[in-house]
Amino acid sequence: MAPAEEATLDGTIQRIVFKSEDTSFLVAQVTSDGGLPVTIVGEMMGVSEGLPLRLKGQWVEDRKWGRQFKVATYQLKSPETLVGIEKFLGSGLIPGIGPEIARRLVDKFGLETLDVIDKAPARLSEVAGIGASRAAKLAAAFAATKHVQDVMVFLQGHGVSAAFAARIVKRYGKDAIAVVRANPYRLAHEVWGIGFRTADGIAEKLGMARDAPERLEAGLLHALESSAEDGHCHLPDDELIASAVELLGPAVPPDALPPRLGALEARALVIREVLGHRGPCTALPALWAAETEAAAKLAAVVRTPARGIALDVHAAIHAFEAVTSVTLAVQQRRAVEAALVDKCVVITGGPGVGKTTIVKAIVHLARLVKRKVALAAPTGRAAKRLGEATVAEAITIHRLLEYQPQSGGFQRDEENPLEADVLVIDEASMVDAVLFRAVLAALRPGAQLVLVGDVDQLPSVGAGAVLNDVIASEAATVIRLTEIFRQAAASKIVVSAHAINAGELPDLDAPAGATSDFYFISREDPEAARATLVEMVAERIPARFGFDPIIQVQVLSPMHRGELGTAALNKALQEKLNPIEVGQPQITRGERTFRKRDKVMQLRNDYDRNVFNGDIGVVAGVEPEAGTMRVDFDGRVVPYERNELDQLVHAYAVSVHKSQGSEYPAVVIPIATQHFMMLQRSLLYTAVTRGKQLVVLVGSRRAVGLAVRNADARRRYTWLAERLRLATADVTSSADGG
């Protein structure tokens with residue numbers, strides 16, 4: 001469908017139908033200058049009933065509410081009639097002026113009322129009931145309201161959308177214009193949703209030079225922040241400068257950037273240091289602090305003497321085996337023993353090697369010696385799965401550390417440590433550098449830390465490679481589990497995952513006439529693969545295995561773009577699984593349209609709502625006129641305002657990275673040679689291990705081979721392992737008296 005053409009509408013607001021208390025979104029009835037009634041929707045600030053406007057936007061046809069004008073930008077005009085002035089003043093927009101005061105003002109000053117309030121406020125005391133003090137307050141309130149209007153006009157005149165303009169006004173208030181004029185690049189760091197490119201566009205409209213110091217510094221910071229989003233804790237200076245030059249364009253020579261990097265360092269906006277063979281490197285302060293503080297804390301944990309244990313461990317393990325009817329393998333016994341004695345233990349291995357059984361044994365034996373055990377995982381789904389498997393309480397790391405966004409972050413820290421004697425973190429490959437620092441800060445002196453996870457999976461979404469770095473540092477006791485147990489060995493999912501991880505092509509041929517839990521469907525053409533995938537999810541898998549196509553089947557794609565990327569797949573799956581019905585309410589934000597029963601995913605941590613990056617839910621209700629939507633996350637319904645819908649995307653198909661820490665009854669994975677940039681062994685391995693009962697690959701056999709052979713996952717720039725080695729070496733030297 002071709003995009004609607006931009007249109008202009010002049011009119012006066014007659015009635016505000018809905019206005020969000022927390023956002024700038026509103027629905028209003030407008031009488032156009034031609035006398036026709038029009039419904040307008042959009043994000044607008046500083047408007048009221050009786051106010052004339054010039055609106056720019058698009059005409060849209062809402063299935064439930066009919067024809068509407070969707071506002072992109074607007075220009076405020078002063079009311080020019082007595083009725084308009086009275087309605088504007090009495091609308092409640094200006095504190096202290098209600099309908100009765102508005103009527104008196106207009107009766108007294110007529111068409112000059114607004115000029116009197118603005119330029120001769122002392123005359124307001126000529127109106128009955130308004131003394132000098134009240135006149136001054138009314139004038140100040142009017143000036144503040146007028147200022148908001150002036151700021152909105154200024155920002156929109158420089159290419160800022162109404163939604164972003166409202167956020168800027170809320171952030172800076174009366175200083176908004178001054179801030180934007182002085183350094184528009186502040187917006188990229190201080191106003192959510194405004195990135196470097198938006199700020200750069202504003203700066204260009206303001207006439208800021210392309211080689212201005214503010215622009216060069218903003219480009220360096222943006223390049224560094226982008227690298228953090230890719231998982232890096234720092235960048236070598238040559239790579240950082242190259243990235244910034246690419247971003248800033250040919251007007252900026254590379255030699256112009258090192259002085260600006262020095263200026264950022266002088267203002268403590270970056271940390272610079274020489275890191276071994278990498279040479280000079282630059283980091284964001286928060287990530288530098290996360291690594292250095294984590295290394296110091298873990299070294300302190302390792303420094304404390306190993307705890308004696310008043311328990312015959314072998315006899316206790318034998319008793320555990322008798323109670324649970326489980327026989328621990330040699331590697332598992334060693335892991336349990338280490339977790340009861342050593343200060344930091346890493347237990348790593350693939351699917352089917354018994355990691356959960358080890359955690360159950362640790363909990364059981366620790367309780368025998370009166371040690372308090374805490375179980376946690378990075379995500380709610382992972383914590384729930386851990387709790388069910390161990391029959392013990394397991395919670396998210398954020399809940400464990402008592403995160404309170406309003407009162408300054410994690411409440412558990414060095415001054416208020418956890419009571420746990422043993423802390424077990426499951427799915428530790430998902431823990432990023434910042435969260436790891438917080439975990440270590442909350443450990444009380446003498447506590448033990450057990451990290452459980454699969455180091456061969458993709459690393460955390462956030463910056464860092466914590467599990468890999470802790471193993472590489474040799475600061476922890478590392479138990480690598482390799483034996484696949486008999487029950488797991490019967491699963492073709494498990495066998496295939498281990499083959500992939502070993503660099504071997506899994507058996508892609510389905511056994512004749514037998515039901516399997518792992519299938520490969522060959523489709524070389526991407527469009528044909530997409531059609532087959534949709535059919536598999538919507539019809540064939542539900543019919544044969546009984547899985548709910550929305551709740552229990554998850555598509556995991558290596559890419560966001562392309563015929564088999566998450567964007568195209570979500571569109572196709574939404575149309576198939578949740579097609580629009582006549583009269584069905586829906587709500588649009590940007591390019592996404594949501595309706596009831598849609599499967600959605602949260603994109604960023606929202607601690608106020610207790611919803612986190614990667615959480616998947618189902619839309620429980622949509623109220624388009626109110627601009628609100630409700631999402632059911634595993635039985636907990638969370639409300640969203642329209643301007644908060646940027647936090648959500650459709651989740652019929654999600655990226656493999658976003659699936660970490662989750663398990664799904666059935667997983668369908670498109671894999672094509674067009675994904676060659678992302679065809680990595682760790683990515684395919686992670687995707688396959690997300691499936692609990694069924695995994696189906698749809699695509700190219702050659703693409704599977706490419707992924708299996710490509711073990712060169714892009715290395716993250718981290719320095720935690722080296723900092724840990726140095727810190728623990730210092731500990732050893734001190735202990736030896738050196």
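The values are calculated or read from the model by the stated rules, or taken from the named source; none is laboratory data. Note that the coordinates shown come from a computational prediction; the quantities given were computed from them, not determined experimentally. With ideal geometry, Cβ positions are generated from the backbone for all residues, glycine too; neighbour counts draw on all protein chains shown. Just the protein is used for accessible areas: all its heavy atoms, side chains included, with ligands, DNA and RNA removed. Shrake-Rupley method; radii C 1.70, N 1.55, O 1.52, S 1.80 Å.
Answer with yes or no whether TYR185 is among the aromatic types (Phe, Trp, Tyr), touching a helix residue (DSSP H, G or I) at 6+ places or on another chain (Cβ under 8 Å) and either modelled with pLDDT of 90 or more or buried (at least 22 other Cβ atoms within 10 Å of the Cβ) (or both). Against the criterion (among the aromatic types (Phe, Trp, Tyr), touching a helix residue (DSSP H, G or I) at 6+ places or on another chain (Cβ under 8 Å) and either modelled with pLDDT of 90 or more or buried (at least 22 other Cβ atoms within 10 Å of the Cβ) (or both)), TYR185 qualifies. If I filter region 517-531 for residues that are under 23 Å from LEU648 (Cβ atoms) and without any contact (Cβ under 8 Å) to a residue 12 or more places away in the chain, do I get at least one hit? Scanning region 517-531 turns up no residue that is under 23 Å from LEU648 (Cβ atoms) and without any contact (Cβ under 8 Å) to a residue 12 or more places away in the chain. The residues of region 548-591 that are in contact with an Asp or Glu (Cβ under 9 Å, 6 or more places away or on another chain), touching a residue at least 40 places away in the same chain (Cβ under 8 Å) and farther than 16 Å from LEU533 by Cβ, listed by number, are PRO585, GLN586, ILE587, ARG589, GLY590. Take LEU401 and decide whether it is touching a strand residue (DSSP E or B) at 6+ places or on another chain (Cβ under 6 Å), open to solvent by less than 10 Å² (accessible area, probe 1.4 Å) and farther than 24 Å from ALA338 by Cβ. So LEU401 passes the test. Look at region 115-127: where a residue is touching a residue at least 12 places away in the same chain (Cβ under 8 Å) and a partner is not in a helix (DSSP H, G or I), sitting 6+ places away or on another chain with Cβ atoms under 6 Å, you get LEU124/ILE130.
Of the residues making up region 437-493, those that are under 27 Å from the mean Cα position of the chain (by Cα), among the polar types (S, T, N, Q) and either farther than 14 Å from ASP426 by Cα or in a strand (DSSP E or B) (or both) number 1.
If you go through region 559-568 one residue at a time, do you hit one that is in contact with a Gly (Cβ under 8 Å, 6 or more places away or on another chain), among the hydrophobic types (A, V, I, L, M, F, W, C), at pLDDT 85 or above and outside any loop (DSSP other than H, G, I, E, B)?
yes
Got a sec? Which of ALA476, ALA490, ALA502, ALA497 is surrounded by 22 or more Cβ atoms within 10 Å (Cβ to Cβ), under 29 Å from LEU679 (Cα atoms) and among the small types (Gly, Ala, Ser)?
ALA497
Taking the criterion of being closer than 13 Å to LEU248 by Cα and surrounded by fewer than 15 Cβ atoms within 10 Å (Cβ to Cβ), the only residue of region 213-229 that qualifies is PRO213.
Mind listing just one residue for me: the one in region 30-56 that is under 35 Å from the mean Cα position of the chain (by Cα) and on the phi > 0 side of the Ramachandran plot and, of those, surrounded by the most Cβ atoms within 10 Å (Cβ to Cβ)? Among those residues, the one meeting the criterion is GLY42. When GLU265 is tested against (1) surrounded by fewer than 16 Cβ atoms within 10 Å (Cβ to Cβ); (2) in contact (Cβ under 8 Å) with a residue 24 or more places away in the chain; (3) under 28 Å from ALA727 (Cα atoms), only condition (2) is not met. The test for being touching a Cys at 6+ places or on another chain (Cβ under 8 Å), crowded, with 18+ Cβ neighbours inside 10 Å and at pLDDT 95 or above holds for ALA283. Scanning region 351-374 for residues that are open to solvent by less than 20 Å² (accessible area, probe 1.4 Å), at pLDDT below 90 and either under 30 Å from ILE500 (Cα atoms) or in contact with a Phe, Trp or Tyr (Cβ under 8 Å, 6 or more places away or on another chain) (or both) gives VAL353, GLY354, LEU365. Candidates ARG333, ARG303, ARG272: the one that is of a type in the set (Lys, Arg) and more than 28 Å from ALA433 (Cβ to Cβ) is ARG333.
So that you can scan it fast, the table gives a plain yes or no per residue for (1) at pLDDT below 90; (2) within 26 Å of HIS158 (Cβ to Cβ):
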position: GLY50; (1), (2): yes, no
position: ARG54; (1), (2): yes, yes
position: THR73; (1), (2): yes, yes
position: LEU82; (1), (2): yes, no
position: GLU86; (1), (2): yes, no
position: GLY92; (1), (2): yes, no
position: PRO99; (1), (2): yes, no
position: ALA102; (1), (2): yes, no
position: LYS108; (1), (2): no, no
